1. If I ask for residues that are free of Cβ contacts under 8 Å to residues at least 24 places away in the same chain and closer than 21 Å to Glu351 by Cα, which ones from the stretch 72-96 would you list?
2. Filter the stretch 174-190 down to the residues that are of a type outside the set (A, V, I, L, M, F, W, C) and touching a residue at least 60 places away in the same chain (Cβ under 8 Å) and list them by number.
3. When residues of the stretch 325-336 are filtered for being open to solvent by 10 Å² or more (accessible area, probe 1.4 Å), modelled with pLDDT of 90 or more and either in contact with a Gly (Cβ under 9 Å, 6 or more places away or on another chain) or not in a loop (DSSP other than H, G, I, E, B) (or both), how many remain?
4. Name the residues in the stretch 341-378 that are under 22 Å from Glu10 (Cβ atoms) and assigned to a loop (DSSP other than H, G, I, E, B), would you?
5. Yes or no: the stretch 82-102 includes at least one residue that is under 20 Å from Asn27 (Cα atoms), aromatic (Phe, Trp, Tyr), over 15 Å from the mean Cα position of the chain (by Cα) and crowded, with 21+ Cβ neighbours inside 10 Å.
6. Quick check on my filter: what residues within the stretch 281-298 are free of Cβ contacts under 8 Å to residues at least 40 places away in the same chain, open to solvent by 80 Å² or more (accessible area, probe 1.4 Å) and either closer than 25 Å to Leu258 by Cα or among the aliphatic types (A, V, I, L, M) (or both)?
7. Hey, can you tell me all the residues within the stretch 333-349 that are under 13 Å from the mean Cα position of the chain (by Cα) and aliphatic (A, V, I, L, M)?
Amino acid sequence: MPAAYPTLVECFSDLPDPRVERTRAHNLMDILVIAVCAVLCGAEGWEDMVDFAHAKREWLQERVALPKGIPCADTFRRVVSRLDPEALQTCFRRWTHTLHELTEGEVIAFDGKTLRHSFDNACGLPAIHMVSAWAARARLVLGAIKVGEKSNGIPAVPALLALLDIRGCIVTTDAMSCQKATAAQIIAQEGEYVLAVKDNQPSLSEAIQLRFAYLGEHPFEAGSLQGCTRHNKGHGRLESRHCQLITLQQNDPLWGDLQQEWAGLRSLVRITCTRQIGDKQSEEVRYFISSLLTPPAKLLCAVRQHWGIENRLHYVLDVSLDEDACRIRKDNGAEVLAVLRHITLNLLRQEKTSHRGIKARQKKAGWDNDYLSLVLIS
């Protein structure tokens, strides 16, 4: 067995086995390793995992014990669906930390995604919604947490934040998570933030918009207003992003009251995005608050990096791993499989010899045992 391979197994070695001892015909780690490798090669359900194991029997026998042969589909369903999601997430975060240590200034994006076919009408259960933390520079999933059935998702970000070491990192969120308690928690954990502001914070949103409007009409008072513009061209469109930044003093005479409510508040940001496709042109204006005292170019970059969680995580989960089409929903099956997909993406993204997309890498891993081994030890 390659020397680096046990890292994944070691990080998951203390995962509680949901079975009583007398029913443990197959080793839990054998089942988990086969499930991860199968998902990595494109498996979408329990039968696919069995087919994968039979096709890769010789390769697997060099890496796992298989004392009772290959588990059946019912065994995969019963065992994987009953794993403790919280314990699995703890193991996942421990393993991810071995892949990449967060560095100062790295953007960590938080956003949610619904597993659209995980609902169960017969039991009256809605689709599962997961909030994930995404390291933009490393392109790795750092962790995820399930949103409570009767929750609007706001408590999930602080709960996931509490599980991560964000010292020196820049946390970005959508407008739903622009909450005073979240900002205070980020500062308490020695991180920085860039939070989108919309009408869910009406007084803050109105104050920011009025201030930018006032400085636009009174340019002689705009000494604290900085700006930068970036242009991008590709895929048949031309995009321009203009970032305007108002830096605030500590205990700012105009914003002191809001700074008391919003811990660490030092910057107000307006980003105007203009997109032209052929003869059609559209414009969108977005507002943000930040704890950073930095040039507008860095803030613009942080905001842009936030969308990596949509483009490089959620989109890939749907298009390459068919997450939304998965109809597994019994017990904890949907939530556990979501974690296995995150493991798969992290493994494939760590492999640097291939320059192709995730779907192509999955196919190659399924076809080429040497490449599959390389992905597992990268």
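1. Selection gives nothing.
2. Result: Asp174, Ser177, Lys180.
3. So the count comes out to 1.
4. From the stretch 341-378, those under 22 Å from Glu10 (Cβ atoms) are 341-351, 365, 372-378; that's our starting set.
Passing the criteria: Glu351, Ser378.
5. no
6. Of all residues in the stretch 281-298, those free of Cβ contacts under 8 Å to residues at least 40 places away in the same chain come to 281-285, 294, 298.
Okay, now just the ones that are also open to solvent by 80 Å² or more (accessible area, probe 1.4 Å), so 281, 283-284, 298.
Correct list: Lys298 only.
7. Ala338, Val339, Ile343, Leu345, listed by residue number.
Here's the yes/no breakdown for (1) over 18 Å from Ala65 (Cα atoms); (2) modelled with pLDDT under 90; (3) among the basic types (Lys, Arg):
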| position | (1), (2), (3) |
| --- | --- |
| Leu8 | no, yes, no |
| Phe12 | no, no, no |
| Pro18 | yes, no, no |
| Glu21 | no, yes, no |
| Ile34 | no, no, no |
| Cys41 | yes, no, no |
| Glu44 | yes, no, no |
| Glu47 | yes, no, no |
| Phe52 | no, no, no |
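The values are calculated or read from the model by the stated rules, or taken from the named source; none is laboratory data. Remember, it's a predicted structure, so these values are computed and weren't measured experimentally. With ideal geometry, Cβ positions are generated from the backbone for all residues, glycine too; neighbour counts draw on all protein chains shown. Accessible surface areas use protein heavy atoms only, side chains included; no ligands, DNA or RNA. Shrake-Rupley method; radii C 1.70, N 1.55, O 1.52, S 1.80 Å.
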